[in-house]
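Structure, as structure tokens:
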2 protein chains.
Amino acid sequence: MYRSHHCGALTAAHIGTGVQLAGWVAKTRDKGFMLWIDLRDRYGITQLVLDEERSDSKLLETAKRIGRETVIQVSGTVLEREAKNPNMPTGDIEILVTSIDVLSPAQTPPFTIEDNTDGGEDLRMKYRYLDIRRTPVQQSLLFRSKVALLVRNFLAEHAFVEVETPYLIKSTPEGARDFVVPSRMNEGQFYALPQSPQTFKQLLMVGGMDKYFQIVKCFRDEDLRADRQPEFTQIDCELSFVHQNDIMACFESLLAFLLEEIHGVTPKPFPVISYEDAIKTYGNDKPDIRFGMTFTELNDLAQNKGFQVFDAQELVVGIAVPDAASWSRKQIDAWVNWVKRPQVGANGLVWVKCNEDGSYKSSVDKFFDADGLSKWAEACDAKAGDLILVMAGNANQTRTQLSALRMALAEELGLRKPDEFAPLWVVDFPLFEKDEETGALHAMHHPFTAPKPEHLKKLESDPTAVIAQAYDLVLNGNEIGGGSIRIHDRITQEKMLSLLGFSEEEAKAQFGFLMDAFRYGAPPHGGIALGFDRLVAILDGKETIRDYIAFPKNNSGRDVMIDAPAPLDTDQLDELALIVKPKPE
Amino acid sequence: MYRSHHCGALTAAHIGTGVQLAGWVAKTRDKGFMLWIDLRDRYGITQLVLDEERSDSKLLETAKRIGRETVIQVSGTVLEREAKNPNMPTGDIEILVTSIDVLSPAQTPPFTIEDNTDGGEDLRMKYRYLDIRRTPVQQSLLFRSKVALLVRNFLAEHAFVEVETPYLIKSTPEGARDFVVPSRMNEGQFYALPQSPQTFKQLLMVGGMDKYFQIVKCFRDEDLRADRQPEFTQIDCELSFVHQNDIMACFESLLAFLLEEIHGVTPKPFPVISYEDAIKTYGNDKPDIRFGMTFTELNDLAQNKGFQVFDAQELVVGIAVPDAASWSRKQIDAWVNWVKRPQVGANGLVWVKCNEDGSYKSSVDKFFDADGLSKWAEACDAKAGDLILVMAGNANQTRTQLSALRMALAEELGLRKPDEFAPLWVVDFPLFEKDEETGALHAMHHPFTAPKPEHLKKLESDPTAVIAQAYDLVLNGNEIGGGSIRIHDRITQEKMLSLLGFSEEEAKAQFGFLMDAFRYGAPPHGGIALGFDRLVAILDGKETIRDYIAFPKNNSGRDVMIDAPAPLDTDQLDELALIVKPKPE
């Protein structure tokens, strides 16, 4: 043993005890005759002390030369501190050091190991092992571990079995791009890394496992947007003999349990909103409902009143921004310009101040009188003091633009409170999306999602009108999970694949094993997958996931710390019977 | 909800209750006027009953036509059974069925869904989803899930943090072969799948995580021996500020906890035996110590006594087989022939019967008298009634051969009891193995293993004499885990890699990030990895791991169910800038 206690353990109860500690030198304060060292490990910081009076003079000299981040082992006695620090668990004590061993010297780190470091993102990623020493990153990883264990124990208590599904599977060209793995033993053939264990978990249901879960890595070879990783972690679940409501109830109780355990919050029953209503009310299918500013369609009140900008548009839609009637013209213009930026792409913004005195002031006073505007206010549920903002245009685009504005306003107004949690379910998704250009149908969720039984007959006649038995779990404006009841009969599955453009041969080659399995007695089943990286970040009141991943990759899919990917030895390529195409000159 | 109860839930307490069940038809017994159906799900079997007297005649007729493995939903009333079955939890009751819905029809499965199936290995693998319905496989997967949760909770209670390390890492050509993953975004470059998270867990220690664990998939592209999988699961652990004994104590307590929880067995403190002693006493480094038959070296007693077969040999070594003096000549000859088989490859076997009456009868009576043989018996600790078996030859070979014999005898004699658990530690492994042909040094554990501090100075002068701070955890003749104290300083790590034949450039390219990390204050650290697939099998009293893996691959690395690996689309290859070499004509 290198230590009798860790650096977060010692309190006033230990005063007088001889102890041995080990850790990193976080900081030293040298007063000449007296030296304090903050010794740090995962569990906390303990203050060490040496001085001319009580310490061996050689030891004091040695100690003064020890630099930050050096790993040392010390022996000493626990003393009561004169100046206590009530903000740290070990703040009542300090250790009078009698011996120091340097276990590992340290160069000056490339950035400071402090909560607010001077290191930029790139440097921190290259030296991730130093970044992890910083409390915010360390605490994020500890939090992730804690949440994983809570999830596992909850699901185990609810009769779920964790089953490991394989990582070396078969490539299915539909959907996102697979990462592939050449097989040496089967020359010219490739495995794929799973984008999700979807088909395997369905086979586990056919196999009678009844309730499956797994916290599992998934892989997607996509061009990376910010905050996307080529490998990510999913809480993957599947249940047999269930309807949509059973699954929603089960995972509502899981999320409620987590909120209770982590934040002591008991959420109300989660609201359930249809996809259509979510789009109409919030402009997107993962609404943040911690705040209002819901959409009000104003076509009836605002069109054909002489303001031609509105008249020709498909949609006129507004929101009431609370307590913003007092904004200056400059403030409002800033938002008008904000929506005109190419990233949002709106033509402009009509505003109406609902003044405290009951009067109205708007950018369209020429066209609408107080009576007209009061009807807008009533429709938008705007109170005196609120500011109504109105956009018009093509319905889809306008909703997306107004949604972006709503979220940005909420951010600005401090309405997206990190310690408030507002989960909801979004349901009744269309089964298909239609490619505007090609007219091809794509599965909105995935090709295994079951339509509502009463829509089965529309599958071929009116596919885009078919509603799926699919549901998303949304938390604070993020989709944290999505799932569906699955097709469990071969005929429907074949029809579905055919509608998605699979030839009979393609369907058989890629999903034949699943459709074969349905021949031998498949239970009705469905499931859900929760994005674990994001769930953990949001539960911790954060939006970016990178600190919750120990060794993340950058936007080019590179691990800059180990410098991967990298070229292979020719021998390795030969064994795999592969040639890398030379780059065109 | 498709069911009010699952198929293992109903007991006499429910008699008279109306219930709804769903599951698979396991079996029907048709007595004409009466029909019984065993309805099965993961939780058990419930007997359904219909008869001419109490059931609707149409329903009875329908029910009679329902084949095995059909998925049905039934409603009915719980009745007391006339002929109770005390062997099943639901044996007191049966359900008088009032309605049946077929949820999914079933073709006759390709093999019987019974504990002892008529399906061969290949068929079972192709239809693994049906194989999983069989109780032995299902129970194995449930058991695995249970053990994983026990391990996680134990480690979490001992301050271990589960940290997910990346799957897309960098290929390191030493050691076993990597599976590689071409990077589309970084053309011509490849990731590798981890053979273990070794370097990452060490970096987590440098990062101050202090105690890490992960239950994690690892990948090795090896030619597969029976019972080896290209992907396998490891309980991977690393600790900081520890000596070898601290790690051994920690994981001894983990295994003891598992044995206690699973079998109610409290093992004695685990024996610790040196690698050298294990080889000398058991002929291998993962001894099964559930039984005796330890090796006794008989060179002094058996050489130069006129029996020339022994005289020239490096080693003469014997074991005492308990209560085998009564074996017939034919029985003994069978074992003599057994060791001569090419798989074992011995020249023969000398035997000595220690008769109950104190006399001796041996195959070398011509050369050794009773007095001589009694000394053998004393040395071998053979009692009256035992049979001594002796082999001679080159030390390494002979030990391996006698070890094979010892294990086969134990199997035959029923001494390898599946419900007995005999863990031990093997320690003091050499740091290096020397390639007999090339003279090259290989790391016996891996290149990051620390030598004993007192052997550091021999590292260059006498490397094969250097003993490592390495330890294996052995259970019932299987190595279930292995670990070591790691090197935590750059100089020693560089020296180690240089001794292993890495050039300075190779060392830097492959492990530069690790050696760089050691510049910034690395704590002394070490760890262990337990083979989870095997651990689970052995804890369940089994030796083969395949039933504990939901979707295993065959010996060619193929998943015959999904038919992977498979050729890729040309488009996919193009995107990866890869060409598959055409096969030579």
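Going from the alpha-carbon gyration tensor of region B:101-209, what semi-axes, largest first and in whole Å, does one get by taking the root of 5 times each eigenvalue?
Working: eigenvalues 308, 115, 37 Å².
Semi-axes from the Cα gyration tensor: 39, 24, 14 Å.
Rounded to the nearest 10 square angstrom, B:Cys250 shows an accessible area of 20 square angstrom against a 1.4 Å probe. Working note: Debye formula, equal point scatterers on the alpha-carbon atoms of region A:426-585, no solvent; log10 I(q)/I(0) at q = 0.14, 0.19 Å⁻¹ is -0.95, -1.09. Over all pairs of different C-alpha atoms, region A:70-164 has a mean inverse distance whose reciprocal, the Kirkwood radius, equals 17.4 Å.
Can you work out D for region B:261-312 in µm² s⁻¹ from Stokes-Einstein, where Rh is the Kirkwood radius over C-alpha pairs, the temperature is 37 °C and the viscosity is 0.692 mPa s? All intermediate terms of the calculation are to be shown ahead of the outcome.
Values: Rh = 14.0 Å.
Rounded, D is 234 µm²/s.
In this structure B:Trp376 has an accessible area near 0 Å², from a 1.4 Å probe over the protein heavy atoms.
How high is the relative contact order of region B:12-104, given as a whole-number percent (alpha carbon pairs under 8 Å, six or more residues apart)?
On the way: 193 pairs, mean separation 31.1, N = 93.
So the answer I get is 33 percent.
Would you mind working out the magnitude of the charge dipole of chain A relative to its Cα centre, with +1 at each Lys and Arg C-beta and -1 at each Asp and Glu C-beta, to the nearest 20 Debye? Can you show the working numbers first?
Details: 64 positive and 87 negative charges, 169 e Å.
Once rounded to the nearest 20, the dipole reads 820 debye.
Over the Cα atoms of region B:291-412, the radius of gyration divided by the Kirkwood radius equals 0.92; this is the Rg/Rh ratio. In nanometres and ascending order, the distances from the A:Ala509 label point to those of the other copies are 3.7 (point 7 Å from Cα along Cα→Cβ). For region A:291-412, the relative contact order is 34 percent, taking Cα pairs closer than 8 Å that sit 6 or more residues apart in sequence and dividing their mean separation by the residue count. As a size descriptor, the averaged projected area of the C-alpha convex hull of chain B was calculated at 37.7 nm².
Counting Cβ atoms of other protein chains within 10 Å of each residue's Cβ and taking the mean over peptide B:235-243 gives 3. Among the residues of B:122-130, the average count of other protein chain beta-carbon atoms within 10 Å of the residue beta-carbon is 4.
Of the solvent-accessible surface of chain B, computed with a 1.4 Å probe and all protein chains present, 47% belongs to carbon and sulfur.
Placing a label point 7 Å from Cα along the Cα-to-Cβ axis, B:Leu96 is separated from the same position in the other copies by 8.7 nm, shortest listed first.
Based on Cα coordinates alone, diagonalise the gyration tensor for region B:169-272, multiply each eigenvalue by 5, take square roots, and list the semi-axes in whole Å, largest first. Could you put the intermediate results ahead of the total?
On the way: eigenvalues 214, 75, 26 Å².
The equivalent ellipsoid of region B:169-272 has semi-axes of 33, 19, 11 Å.
Peptide B:568-578 is shielded by partner chain Cβ atoms: per residue, an average of 5 of them sit within 10 Å of its Cβ. When chains A and B come together, the accessible area they lose, probed at 1.4 Å and totalled over both chains, is close to 11100 Å². Taking amide H atoms as placed 1.01 Å from N in the peptide plane, the amide H of B:Glu543 has no partner under 5 Å among residues 5 or more positions away or on other chains. D by Stokes-Einstein for region B:243-335, Kirkwood Rh over Cα pairs, 20 °C, 1.002 mPa s: 126 µm²/s.
Span-like helix criteria (full DSSP H runs; alpha carbon extent of at least 30 Å along the helix axis; mean Kyte-Doolittle hydropathy of at least 0.0) are satisfied in chain B by B:135-157.
Note on A:Asp277 and A:Glu436: the model spin-label points, each 7 Å out from Cα along the C-beta direction, lie 2.8 nm apart.
If you find the alpha carbon centre of region B:223-243 and of region A:344-390, how far apart are they in angstrom? Taking the Cα centre of region A:344-390 as reference, the centre of region B:223-243 is 66 Å away.
Of interest is the spacing of the C-alpha centroids, which for region B:308-327 and region B:155-174 amounts to 48 Å. Expressed as a fraction of 2.2 N^0.38 Å, the value expected for a compact globular protein of N residues, the C-alpha radius of gyration of region A:12-104 is 0.98.
Under the convention that each Lys and Arg Cβ holds +1 and each Asp and Glu Cβ holds -1, the size of the dipole of the protein assembly as shown around its Cα centre is about 440 debye.
Projecting the Cα atoms of A:Ala404, A:Val317, A:Gly292 onto the charge dipole of region A:291-412 (Cβ charges, centred on the Cα centre) puts A:Ala404 farthest toward the positive pole.
Label point of B:Ser4 (7 Å along Cα→beta-carbon): distances to the other copies' equivalent points are 6.5 nm, sorted ascending.
Size of the protein assembly as shown: Rg and Dmax of its alpha carbons, in Å, are 35.3, 128. The residues packed around A:Ala159, meaning those with a beta-carbon under 15 Å from its beta-carbon, carry a net charge of -1 if Lys and Arg are +1 and Asp and Glu are -1. Give me the distance between the Cα centres of region A:521-544 and region A:118-145, rounded to whole Å. Result: 24 Å between the Cα centres. In a reduced charge model with +1 at each Lys and Arg Cβ and -1 at each Asp and Glu Cβ, region B:337-390 shows a dipole moment near 380 debye about its Cα centre.
For region B:173-227, compute Rh as the Kirkwood radius over C-alpha pairs and then the Stokes-Einstein diffusion coefficient at 25 °C and 0.890 mPa s; write the answer in µm²/s, rounded to an integer. Mind dumping the intermediate values first?
Values: Rh = 13.5 Å.
Using the Kirkwood radius from Cα pairs, D works out to 182 µm²/s.
Solvent-accessible surface of protein heavy atoms, probed at 1.4 angstrom with all chains present, puts B:Glu231, A:Glu411 in the order A:Glu411, B:Glu231, largest first.
Summarising the rotation from chain B to chain A, the nearest chain B beta-carbon to the axis and its distance in Å are given as B:Ile579, 2.
The values are calculated or read from the model by the stated rules, or taken from the named source; none is laboratory data. What you are looking at is a predicted structure, and each value in this text was computed from that prediction instead of being measured. Note that each Cβ is placed from the backbone with ideal geometry, even for glycine, and that neighbours are counted across all protein chains shown. The protein model used for the area step is the full one, side chains on, heavy atoms only, and it has no ligands, DNA or RNA in it. Shrake-Rupley method; radii C 1.70, N 1.55, O 1.52, S 1.80 Å.
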